[in-house]
Amino acid sequence: MPDYDYDLFVIGAGSGGTRAARVAAAHGAKVAVAEEYRVGGTCVIRGCVPKKLLVYGAHFAEDLRDARHFGWDVPSDCAFDWQRLRDNVLREVDRINGAYTHTLENAGAEIIHQRATVSGPNEVTLGDGTTRSAKTILIAVGAHPAVPSCPGHEHGITSNEAFHLDALPKRVLIAGAGYIANEFAGVFHQLGAHVILMNRTKEILRGYDLQIRDRLLQISMMKGLEFRFDATFEGIEKMDDGCLKVSMSGHEPAIVDLVMFATGRRPNTAGLGLESAGVELDEQGAVKVDDDNRSTCPSIFAVGDVTNRIQLTPIAIREGQAFADRLYGGKDTRVDYDNVPSAVFSHPPIAGVGLTESQARQQLGSVKVYSSDFRPMKNVLAGRDERALYKMVCDGETDRVVGIHMIGPDVPEIIQAAAVAVKAGLTKAQFDATVALHPTMAEELVLLR
Ligand code: NDP
């Protein structure tokens, strides 16, 4: 049997790679993990974590306004300091980056701070030109923001740069209408910018329940966000005064201070040498894998966003855990992709689990939908005219709850618990049998008639 430098060589220390490396090392494997940038990956360094902290920071704009209705004297010239928020967020990112690094080191995995590329089924080449051999290679290199190729696209930024802005822009145009676009639209708007969301189609947040995303669109427009639909970029021009002029099909040009692309993310496989090992990619450049995350090269596996299935951190973590448990822990585990809850941290947030109403109508013989359209108590006192909407989608024959979809304050927190019930296959009658916890918003879930 050949003698390898490592049992496992992981390329990429993001959520999936870190979990796989740590668990494999804990099972006794000799593990190295190469990372060309910072340990933690997209989620920790330039994704979920800093984004959620910005969302918290932005939400104070509404909270401070609402606080007056609850008796607090909030001065009208209440100032906001972007640099302070930005620097505190980046400091927290540094702390978690350090924690991830310690976790890997404590587990006994060697961290190699260099880019690594594949140079054979069992070999990687490091940035310094040296090679390492490994019995198994795990590709966990994630994805990067895709930027449409229009003249002047270099004047725009992506979410990667949004966390490092020197100053808050007064006018922002965000391209795309998915997760990142809606989350950052909320942040910039709350922090005082005029936001234009521009999308190539008429739809926002494709994949979420239609009524829920319509409600987000309606609330966002009510708050003053501007939407430009069926628009494609014709060009971005930098004006003499530093502003950006964005020309687009079907609409007047927009003059803004910042353009941000949030038009999807593509796997980081370019230049990774995967062809040298016969690893097949799909048309998006994603590594094709089987149910065990094995690529078309038997010694090379892939987890997380680089496989372009469900681009969510908890999925990458589960895939990394299952991979390591199966190969090094003797466990026969696989990831179950059914009923994965998700949320968009927009203002207000939306969240969902299971089938949307239209998916259920396509897949099931009969469907029953229950909904509650209400103004949360807190919004009523605050004089805030924003209604929450909860929907429960049930199999009409079995009464089983097959989907829950929500928009309103704190719904990501609520859906996590509700997802347990959906995953467990509970029926509407079982929801109804649970006594409401009053007064909460979540009680609506057991009061749907
Ligand atoms: P999304 O896939 O959510 O949205 C992409 C948007 O860009 C859509 O509106 C899409 O339009 C549009 N678009 C796609 N390609 C082009 C193109 N070539 N030109 C113009 N517009 C285009 O991607 P995001 O970038 O927002 O986020 C990437 C992924 O990261 C998400 O899918 C999600 O999995 C993950 N993520 C998760 C978060 C969370 O869990 N809260 C937060 C942020 C990201 P159309 O709909 O018409 O195709």
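The values are calculated or read from the model by the stated rules, or taken from the named source; none is laboratory data. Only a predicted model underlies this, so the values are computations on that prediction, with no experimental measurement involved. Ideal geometry is used to build each Cβ from the backbone, glycine not excepted, and the neighbour counts take in all protein chains shown. In case anyone asks, the SASA skips ligands and DNA or RNA and just uses the protein heavy atoms, side chains included. Shrake-Rupley method; radii C 1.70, N 1.55, O 1.52, S 1.80 Å.
Axis of helix 411-423 versus longest Cα principal axis of the chain: the two differ by about 60°, to the nearest ten degrees. Just T263, T117, T398 to compare: in a GNM of the chain, with alpha carbon springs under 10 Å, which one fluctuates most? Highest fluctuation among the options: T398. The angle between the Cα long axis of helix 82-107 and the main principal axis of the chain comes to about 30°, on a 0 to 90 degree scale. For the chain, the longest principal axis of the C-alpha atoms and the axis of helix 15-26 are separated by about 50°.
In order along the range 184-191, the Karplus-derived 3J(HN,Hα) couplings, from 6.51 cos²θ - 1.76 cosθ + 1.60 at θ = phi - 60°, round to 6, 4, x, 4, 4, 5, 4, 7 Hz, and Gly and Pro are given as x.
Out of all Cα-Cα pairs in the chain, roughly what percent, to the nearest whole number, are more than 35 Å apart?
39 percent
Element breakdown for the chain at a 1.4 angstrom probe: carbon and sulfur atoms account for 50% of the accessible area. Note on the chain: with charges restricted to the Cβ of Lys and Arg (+1) and Asp and Glu (-1), its dipole about the Cα centre is near 620 debye.
Each of S149, I96, T269 was scored by the projection of its Cα onto the charge dipole of the chain, and the greatest displacement toward the positive side belongs to I96; charges sit on the C-beta of Lys, Arg, Asp and Glu. Compactness of the range 234-371 is given as radius of gyration and Dmax, 21.3, 64 Å, from Cα positions.
Comparing mean-square fluctuations of T307, T130, T427 from a GNM of the chain with C-alpha springs under 10 Å, the top value falls on T130.
Do the sum for the chain: with -39,500 (n - 2.57) for every DSSP H run of n ≥ 4, divided by all residues, what is the mean residue ellipticity at 222 nm, to the nearest 500 deg cm²/dmol? Intermediate values should be presented prior to the final figure.
Working: 12 runs with 141 residues, N = 449.
Dividing the helical sum by the residues of the chain leaves -9500 deg cm²/dmol.
Surface analysis of the chain yields an accessible area of 46 Å² per residue, using protein heavy atoms and a 1.4 Å probe. Here's the list of lysines a cross-link from K288 could span, going by alpha-carbon distance under 28 Å and ignoring same-chain residues fewer than 8 apart: K30, K135, K331, K423. Between G224, G264, G176, the GNM of the chain built on Cα springs shorter than 10 angstrom shows G224 fluctuating the most.
Think of each Lys and Arg Cβ as +1 and each Asp and Glu Cβ as -1; about the Cα centre, that makes the dipole of the range 304-442 roughly 60 debye.
From the alpha carbon gyration tensor of the range 384-437, can you work out the equivalent ellipsoid semi-axes (sqrt of 5 times each eigenvalue) and give them in Å, largest to smallest?
Each semi-axis is the square root of five times an eigenvalue, giving 21, 12, 11 Å.
Ranking H113, S76, A162 by how far each Cα lies toward the positive end of the dipole of the chain (charges on Cβ) leaves S76 at the top. Quick check on the range 1-139: take the gyration tensor over C-alpha atoms, sort the square-rooted eigenvalues as a ≥ b ≥ c, and tell me if it's rounded (a/c under 1.5), prolate or oblate. It comes out prolate by the Cα gyration axes.
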